[in-house]
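Some notes on the structure that comes next.
The values are calculated or read from the model by the stated rules, or taken from the named source; none is laboratory data. Keep in mind the model is a prediction, meaning the values are calculated, not measured. With ideal geometry, Cβ positions are generated from the backbone for all residues, glycine too; neighbour counts draw on all protein chains shown. Keep in mind that these areas ignore ligands, DNA and RNA; they rest on the heavy atoms of the full protein, side chains included. Shrake-Rupley method; radii C 1.70, N 1.55, O 1.52, S 1.80 Å.
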Amino acid sequence: MDGKFYTPYSREEILTAFRRALGDLTDTQVFALVADEAAQRAEEDDVLSNAIAAINADLAANYVRSTALDAETDARTAADQQQCAALTGLIDSGAKNVLDLTNAQSVTVNGVTFTVNSDCSVTCTGQATATAFFSTAVTVPAGQFVFSGMPEDGSAATYRQELRVTPTGNVFTTNESAAGSALTVANAWSGYFNIRVAAGYDFGSGKTLHPMICTAAAMNISGEYVPYRPSWDEMWAAIQALQQTVGGSLRAAPETEANHA
């Protein structure tokens with residue numbers, strides 16, 4: 001079997017070597033071939049060097065662009081953080097929570113004590129000897145909301161938040177998830193906010209719920225609990241009503257000598 005030999009030289013280089021060995025080429029011809037080869041290699045090296053230089057230039061330009069982009073990204077991030085902080089403060093200081101529990105009263109029902117705190121959160125303690133309901137009348141405006149406030153995931157077998165038509169009547173919606181539940185109110189709705197506790201459930205040392213119904217847009221910016229606050233429109237309407245009441249009372253006051261003093 002003929003052996004095969006592998007070499008790094010090109011076919012033309014091998015043929016040239018054979019011709020030289022056979023005396024087909026003169027020294028001048030060999031030197032000319034070598035010179036041509038050297039010139040070709042130099043030209044190829046120049047092309048390679050130019051390509052490498054172009055690549056390096058592109059890399060340098062990309063680095064400059066990347067540095068500028070990083071700086072712009074950092075600036076935009078800082079601006080977004082400032083804007084988000086401002087929006088968060090604005091939302092959390094306004095009429096974010098439309099669930100009005102300002103009239104709710106602390107009560108003990110079937111072994112469970114529901115304590116209404118100053119911020120309208122509700123702390124539950126004790127063990128339910130039977131199903132226990134904490135209820136207060138509420139009105140929820142129309143809109144797309146998130147119903148939240150559970151400190152942990154609950155269920156019908158433990159405890160949950162509810163909206164019902166009557167304190168123990170038909171359920172309008174429930175919130176069992178600590179992450180909040182989507183709530184759609186087509187038209188302004190009036191009924192009762194409930195905390196329902198299943199018979200036998202024990203709150204142990206106590207758990208605090210922070211009932212809140214707010215828009216999904218507000219929740220996306222800040223999930224922080226805030227108690228109910230009336231809107232600017234509601235406050236203005238109340239001020240106007242008070243002005244009319246006070247003005248009417250003054251106009252209706254009987255004239256006396258003191259009035260003319």
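Tally up the carbon and sulfur contribution to the accessible surface of the chain as a whole percent, 1.4 Å probe, everything protein left in place. Solvent-exposed carbon and sulfur of the chain make up 57 percent of the total.
What is the Rg over Rh value, at two decimals, for the chain, using alpha-carbon atoms and the Kirkwood definition of Rh? Value, to two decimals: 1.57. Near residue 66, once Lys and Arg are set to +1 and Asp and Glu to -1 for all other residues with Cβ below 14 Å from its Cβ, the sum equals -3. Per residue, the chain exposes an accessible area of 65 Å² to a 1.4 Å probe, with every protein chain left in place.
Using only Cα atoms and rounding to the nearest 10 degrees, what angle (0 to 90) does helix 232-252 make with the longest principal axis of the chain? That helix lies at roughly 20 degrees to the long axis. Exposure check, 1.4 Å probe, all protein chains in place: residue 236 carries approximately 140 Å² of accessible surface. Comparing 204, 79, 185 along the charge dipole axis of the chain, the residue lying farthest to the positive side is 204, per the Cβ-charge model. Residues of the stretch 112-142 with the amide nitrogen closer than 18 Å to a label point 7 Å from the Cα of residue 216, along Cα-to-Cβ, please. Correct set: 141-142. Contact order, relative form, for the chain: 20 percent (alpha carbon pairs under 8 Å, 6 or more residues apart, mean separation divided by residue count).
When Lys and Arg each count +1 and Asp and Glu each count -1, what net charge do the other residues less than 13 Å away from residue 36, Cβ to Cβ, add up to? Mind dumping the intermediate values first?
Working: positive: 41; negative: 12, 13, 37, 43, 44.
Counting the neighbours of residue 36, the net charge comes to -4.
Give the angle, between 0 and 90 degrees and rounded to the nearest 10, that separates the Cα long axis of helix 27-92 from the longest principal axis of the Cα atoms of the chain. It is inclined by approximately 10 degrees. If R0 is 35 Å, the Cβ-Cβ spacing of residue 131 and residue 190 corresponds to a FRET efficiency of close to 0.90.
Rounded to the nearest 10 degrees, the inclination of helix 11-22 to the longest alpha-carbon principal axis of the chain is 20 degrees. Working from label points 7 Å from Cα in the Cα-to-Cβ sense, the residue 123 to residue 199 distance is 2.9 nm. In a fully extended conformation the segment linking residue 33 and residue 224 would gain 60.4 nm over its present Cα-Cα distance, using 0.36 nm per residue.
Test of understanding: what is the full-extension gain from residue 246 to residue 26, defined as 0.36 nm times their sequence separation minus their Cα-Cα distance?
Details: separation 220, 0.36 × 220 = 79.20 nm, distance 12.55 nm.
Extending this stretch completely gives an extra 66.6 nm.
Is the C-alpha gyration tensor of the stretch 98-151 telling us rounded, prolate or oblate? Criteria: a/c under 1.5 is rounded; beyond that, a/b larger than b/c is prolate, otherwise oblate. If you can, show how the numbers build up before the last one.
On the way: a/c = 2.12, a/b = 1.89, b/c = 1.12.
It comes out prolate by the Cα gyration axes.
Ranked by solvent-accessible area (1.4 Å probe, protein heavy atoms only, all chains present), the residues 64, 98 order from largest to smallest as 64, 98.
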